[in-house]
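These notes concern the structure reproduced below.
What follows is calculated from the coordinates using simple rules that are stated; it is not laboratory data. These numbers were taken from a predicted model, which means no experiment stands behind them. Neighbour counts are summed over all protein chains in view; Cβ atoms, including those assigned to glycine, are modelled from backbone coordinates with ideal geometry.
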Ligand SMILES: Nc1ncnc2c1ncn2[C@@H]1O[C@H](COP(=O)(O)OP(=O)(O)OP(=O)(O)O)[C@@H](O)[C@H]1O
Ligand SMILES: [Mg+2]
């Protein structure tokens, strides 16, 4: 008599497995498959992180070398121009003196450009401690560095929040927006205001001014690196400020935009997450927990 061979595992009783048992077995197998896939992914992620840390170190070194090597000849040019003025000052006519002054201002701009590019390249790469930053306490320091002239008044909402982030980056965002509002102010009485409202999971900050305003067709462009609307000789400009602001804000998971009317002024808005946890998108974007990232990606050499 032929025997029927069942491919299904049988119950201890010798009977065919129940639907429940078959489902149980299928789930066990699926579980094992997922565990293997997870292990594989973890291996891949840690190798990716190692590569990323290597690339970061290379970039830091590159930024250091570039800034050092580009600044050295600039220092030479500045010194030569100074010597020219000192040694031949009396012999130089007003036109020559003007040209030397122009040369010095160009060298200065080059310096600012190198610094700006360096700052831009550091965002998200060189990590600082995530700290609670009380903006009410920080704002006076920022206003001091912006140093508005007497005809410009800066007012600030009384109850700004405390946010968690890298302090230097937060300062950079406000500094750039405020220094723009001051730099481009064209009214005899300049009014600049810093405000903030709570909005779902975010704080929505604004820096509003009554300056020249910006044509809507430039709303996107001004956030791109090296983009300036006025000729660079009119204002001392590198066109990096807003690109830096955008990079920082987006690193924290926020967004930045401008609303403006030509002749009436501009309001720059940016959002920042309210959740005061260390594990912000800024941290997740570059590595695992922030503490690890800092240890692994300490800048090996300090740029000049
Ligand atoms: N508050 C403002 N009012 C009018 N125009 C502005 C304002 N802020 C920015 N802009 C315009 O956007 C351009 C880009 O700004 P951004 O801060 O990136 O560069 P910058 O101020 O020219 O140079 P940098 O900030 O690198 O010194 C400016 O050149 C200016 O034309
Ligand atoms: Mg600027």
For this session: Note down the relative contact order for the chain as a percent, whole number, built from C-alpha pairs under 8 angstrom at least six residues apart.
Result: 19 percent
Exercise. Helix 241-251 versus the longest principal axis of the chain: what angle, 0 to 90°, nearest 10, using Cα atoms?
Worked result: 20 degrees
For this session: Sticking to Cα atoms, compute the Rg of segment 50-122 to one decimal and its Dmax as the biggest Cα-Cα distance, whole number, in Å.
Result: 17.5, 61
Exercise. What order do you get for 264, 247 when you list them from fewest to most C-beta neighbours inside 10 Å?
Worked result: 264, 247
Exercise. With the chain treated as a Gaussian network of Cα nodes joined by springs under 10 Å, which of 235, 88, 202 yields the largest mean-square fluctuation?
Worked result: 88
Exercise. How high is the relative contact order of segment 50-122, in percent, with contacts defined as C-alpha pairs under 8 Å that are six or more residues apart?
Worked result: 46 percent
Exercise. Can you give me the pair-distance distribution of the chain, C-alpha pairs, 20 Å bins, whole percents?
Worked result: 24, 44, 19, 9, 4, 1, 0
For this session: Assuming 1.002 mPa s and 20 °C, estimate D for segment 179-260 with Stokes-Einstein, Rh taken as the Kirkwood radius over Cα pairs, in µm²/s.
Result: 153 µm²/s
Problem set entry | segment 130-296: radius of gyration over Cα atoms, expressed as a fraction of 2.2 N^0.38 Å | 1.05
Exercise. Hey, what angle do you get for helix 94-122 against the long axis of the chain, alpha-carbon based, 0 to 90 degrees rounded to 10?
Worked result: 10 degrees
For this session: Would you mind giving the three semi-axes, in whole Å and largest first, of the ellipsoid equivalent to segment 145-226 according to its Cα gyration tensor?
Result: 22, 17, 14
Seminar exercise, completed: Normalised per residue, the volume inside the convex hull of the alpha-carbon atoms of segment 45-167 in Å³ amounts to 157 Å³
For this session: List the extent of the Cα atoms of segment 100-188 along each of their three principal axes, largest first, rounded to whole Å.
Result: 47, 40, 15
Exercise. Going by how many other beta carbons lie within 10 Å of each one, how would you line up 266, 179, fewest first?
Worked result: 179, 266
For this session: Treating the angle as unsigned and between 0 and 90°, give the value, to the nearest 10°, between the Cα long axis of helix 19-88 and the longest Cα principal axis of the chain.
Result: 10 degrees
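Using only helices, what value at 222 nm comes out for the chain when you add -39,500 (n - 2.57) per DSSP H run of length 4 or more and divide by the total residues, to the nearest 500 deg cm²/dmol?
Working: 7 runs with 152 residues, N = 304.
One gets -17500 deg cm²/dmol as the mean residue ellipticity at 222 nm.
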Problem set entry | By average C-beta atoms within 10 angstrom, highest first, the peptides 134-145, 160-171, 26-37 | 160-171, 134-145, 26-37
For this session: Name the residue, out of 243, 81, 208, whose mean-square fluctuation peaks in a Gaussian network model built on the chain with Cα pairs under 10 Å.
Result: 81
For this session: Looking at the chain, send over the antiparallel percent of its DSSP beta bridges, to the nearest 5.
Result: 85 percent
Exercise. Of 17, 73, 212, which is the most mobile in a GNM of the chain whose springs link Cα atoms less than 10 angstrom apart?
Worked result: 17
Exercise. If contacts are Cα pairs under 8 angstrom and at least 6 residues apart, what is the relative contact order of segment 130-296 in percent?
Worked result: 21 percent
